[in-house]
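Worksheet: the structure to be examined is printed underneath.
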Amino acid sequence: MKRVKKILVLCTIFCVIVGIWFYKNKSIENDNTDKFKLDATYDFDIEKLKSEGLPIIVDFGSDSCIPCKEMAPLLEDLNEEYRGKAIVKFVDISKNGDAVKDFPVKVIPTQFFFNADGTPFKPKNVQQSNLMMYSSEENEEHAFTAHEGQLDKSDFKNILNEMGVN
């Protein structure tokens with residue numbers, strides 16, 4: 001009888017440990033899922049994204065924009081492929097116009113690029129990159145690196161590679 005009690009106690013302890021492990025890992029998985037979800041239309045916070053310590057691509061567009069719709073599968077692929085290595089976000093500015101208020105967006109889609117340290121990405125060869133460089137009006141420091149229009153997967157991969165993402 002004592003042996004059966006010992007086995008039951010050990011089984012109970014084991015089940016509790018396994019339950020705690022599953023609970024903690026499920027919480028971590030949900031945090032990562034939220035952190036790396038593509039759509040940031042309603043919860044876009046560039047400062048929070050910069051604090052993650054990963055390179056960032058933010059695509060401002062709209063679900064009603066044809067070129068934006070054409071880029072959607074590509075952004076989904078990039079988001080999945082670079083999950084944990086870079087942050088890829090899409091913000092629908094027709095649903096949340098406030099999200100774009102601090103960015104120089106003239107047309108959609110427009111993508112912005114930030115290094116892992118939160119600074120604007122600056123390509124080695126600006127003239128050949130087809131990227132636009134924006135400076136702050138206050139201090140003339142580099143404030144944004146952007147691309148207007150569509151990019152293809154190889155363009156995104158080249159930029160991410162230059163940002164140090166493999």
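The values are calculated or read from the model by the stated rules, or taken from the named source; none is laboratory data. For clarity, every value in this text was computed on a predicted model and none was experimentally measured. A quick note on method: Cβ atoms are made from the backbone with ideal geometry, for glycine too, and the neighbour counts reach across all protein chains shown. Ligands, DNA and RNA are stripped out before the accessible areas are found, and what is left, the full protein with its side chains, is counted by its heavy atoms. Shrake-Rupley method; radii C 1.70, N 1.55, O 1.52, S 1.80 Å.
Numerical summary
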item: Fraction of accessible area attributable to carbon and sulfur, the chain (%, probe 1.4 Å); result: 54 percent
item: Where the chain is the region considered: accessible area per residue in Å², 1.4 Å probe; result: 63 Å²
item: Estimated inter-spin distance, Asn166 and Gln128, nm [label 7 Å along Cα→Cβ]; result: 2.2 nm
item: Note, ³J(HN,Hα) from phi for the range 48-64, Karplus 6.51, -1.76, 1.60, rounded to Hz, x at Gly and Pro; result: 5, 4, 4, 6, 6, x, 10, x, 10, 10, 10, 10, 9, x, 7, 5, 9
item: Shape of the chain, Cα gyration tensor, a/c cut at 1.5; result: prolate
item: Helix axis angle, 153-162 relative to the chain longest principal axis, alpha carbon, degrees; result: 80 degrees
item: C-alpha long axis of helix 66-81 to longest principal axis of the chain, angle in °; result: 40 degrees
item: Across Lys35/Lys124; Lys50/Lys85; Lys48/Lys124, pairs whose alpha-carbon gap is larger than 18 Å; result: Lys35/Lys124; Lys48/Lys124
item: Paramagnetic label zone (point 7 Å from Cα along Cα-to-C-beta, Glu148; backbone N under 20 Å) in the range 73-104; result: 91-94, 97-104
item: Potential extension, Ser136-Asn158 segment - 0.36 nm per residue separation minus Cα distance; result: 5.3 nm
item: Residue-level accessible surface for Asp77, protein heavy atoms, 1.4 Å, Å²; result: 80 Å²
item: Pairwise label distance in nanometres, Asp34 with Val107, each label 7 Å out on the Cα-Cβ vector; result: 3.7 nm
item: Paramagnetic reach from Tyr42 in the range 52-69 [backbone N under 18 Å; point 7 Å along Cα→Cβ]; result: 61-64
item: Aspartates and glutamates with Cα under 17 Å of Lys37, excluding same-chain neighbours fewer than 8 positions away; result: Glu29, Asp45, Glu47, Glu52, Asp59, Asp63, Glu76, Asp77, Glu80, Glu81, Asp92
